[in-house]
Amino acid sequence: MTTGKWVRGPYAPVDQEVEVFDLEVIGSIPPELNGMLTRIGPNPIPPHAEDHNLFAGDGMVHAMTLSNGKATSYKNRWVRTEDVSRKLGETPVADPVDRQDTSNTHIVPFAGKLYAMTEACIPYQLDSSLKTIMRDTFDGDIAQGFTAHPHTDPATGRLHAIGFDVNAEKIATHFVIEPDGSLGWKTDIPLGGSSWIHDFAMTENFAIIWDMPLQHRQELQDAGEQAPYKWDPDYPTRVGIRPLNAKTPDVRWFDLEPCFVFHAVNAWEVYDEAGGLSEIICDVVQFAKMFDEDRTGPGDTAPPQLHRWVFNMKTGKMTDQLIDQRIQEYPRIDDRYWGKPSSFAVTTELFNSDGGSGLIVHDGRGNASSYGFEERVVASEGVFVPASETADEGDGWILTFGVHAQTGASKASVFDATKVSDGPVGEIILPQRVPVTFHGSWIPEATL
């Protein structure tokens, strides 16, 4: 194995699939947490190139099941894309495609199914045992890239996605998936260039998309680079707002200083006393640039920080405000408040004052509480689970995985979201190393 930086330390892949029962618990697990915590991230099958790109690794899903105060099981499985199946010597569940075909970024439950997703790729459907069922086009015309971050409209139950292809097309595509899992419609949106779009934001009535300087380069694709994108500092940066359920490519664009955003936190609308739309507020995690020198991952860029965009819907101007200067990513909220005014968010602090990682809980008013893990423990995204469907916003639990960068010892931690600085109420010792993952979801027991 090579020593490329994205295949060593906390990113070092595991080489086997296991299923282990009755895991060791330190402290206690809240008995109301009954379900499965899923995580997914890159876990490349050897051999690994020295310049291996973090975002191109074969996807592996990790799942930990909790029931009645016990950690009943852990299991991990590669997502059987056509390429992974071939590498493992198995019969593929999907035919080869002449485009990117990786599923390593997010696990999303929708319409009674479980999907492994990566931007610019068609999703793969899994079952509750993590077996790969099929490459899934939602019974519709999804021949191009979908997204890593679809979002559900609570009012209609529709799933919205902003997708793009790894090619030179200067478009994004807004997909709308009906509650039954079928494609409702899709709309192509002209962009200024062939931009990388990882996520988007959504209010009750609008979709917020970004067109930023991380641009496709055909010469890099022809040279076989795993992520053929390059930072273009001269590319005009802009953010677009469009009606959420429009079937036409309507977008109102707002200019912004050069930056890059992977993830939205949340967004919502603000109305004046006369009932007119005055502002749209959108919180994001913002980088100054991306893939400038090092195109194997986000390692050479300025640190990600929490920002607030405010769009004045009357003047057509927007402002960009730094909310928290700490180095943080992977924002999650109480999903019951998606697209609505919210006052709770949890982010993963990538490097704190002690050089370690941790969790930060924001209250929406500039205040925050935090917890730092032990030295050299690298935490993955924290997933919020409400205490009940009627609980107050932010009243519930935060679950995350962590891996020791040197020893590989891995654990899952459970926090009271209202007292995160007190530390975890319970920790589950995982039976093997769980490399740093990207995203995941909590799947309630009733839906498994």
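Laid out as a table, the results:
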read-out	value
Where residue 411 falls short, out of the listed (1) within 28 Å of residue 364 (Cβ to Cβ); (2) in a strand (DSSP E or B)	(1)
Tally, over segment 279-309, of residues that are more than 20 Å from residue 347 (Cα to Cα) and loosely packed, with under 15 Cβ neighbours inside 10 Å	3
Of all residues in segment 127-166 being buried (at least 17 other Cβ atoms within 10 Å of the Cβ), closer than 29 Å to residue 212 by Cα and of a type in the set (S, T, N, Q), the one that is nearest to the chain's Cα centre (by Cα)	147
Filtered residues of segment 78-93 (kept if of a type outside the set (Phe, Trp, Tyr) and either buried (at least 19 other Cβ atoms within 10 Å of the Cβ) or part of a loop (DSSP other than H, G, I, E, B) (or both))	79, 80, 81, 84, 88, 89, 90, 91, 92, 93
Condition check for residue 323: part of a strand (DSSP E or B) and touching a Phe, Trp or Tyr at 6+ places or on another chain (Cβ under 9 Å)	no
Residue list for segment 94-112, restricted to those being assigned to a loop (DSSP other than H, G, I, E, B), surrounded by 17 or more Cβ atoms within 10 Å (Cβ to Cβ) and not small (Gly, Ala, Ser)	100, 101, 102, 104, 105
Selection within segment 408-436 - polar (S, T, N, Q) and either modelled with pLDDT under 95 or closer than 16 Å to residue 19 by Cα (or both)	410, 432
Within segment 157-181, tally of residues that are in contact (Cβ under 8 Å) with a residue 60 or more places away in the chain, in a loop (DSSP other than H, G, I, E, B), more than 14 Å from residue 100 (Cβ to Cβ) and not charged (D, E, K, R)	2
Residue in segment 216-236 that is surrounded by the most Cβ atoms within 10 Å (Cβ to Cβ), counting only those that are more than 20 Å from the chain's Cα centre (by Cα) and in a strand (DSSP E or B)	216
Whichever residue in segment 182-195 is free of Cβ contacts under 8 Å to residues at least 60 places away in the same chain and of a type in the set (S, T, N, Q) and, among such residues, is surrounded by the fewest Cβ atoms within 10 Å (Cβ to Cβ)	182
Within segment 216-252, tally of residues that are under 27 Å from residue 175 (Cα atoms) and in contact (Cβ under 8 Å) with a residue 40 or more places away in the chain	24
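A quick yes/no check of all residues on (1) of a type outside the set (S, T, N, Q); (2) at pLDDT 95 or above:
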| residue | (1), (2) |
| --- | --- |
| 80 | yes, yes |
| 88 | yes, yes |
| 91 | no, yes |
| 94 | yes, no |
| 104 | no, yes |
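The values are calculated or read from the model by the stated rules, or taken from the named source; none is laboratory data. Quick caveat: nothing in here was measured; it's all calculated off a predicted structure. Here Cβ is always computed from backbone atoms with ideal geometry, including for glycine, and neighbour counts include all displayed protein chains.
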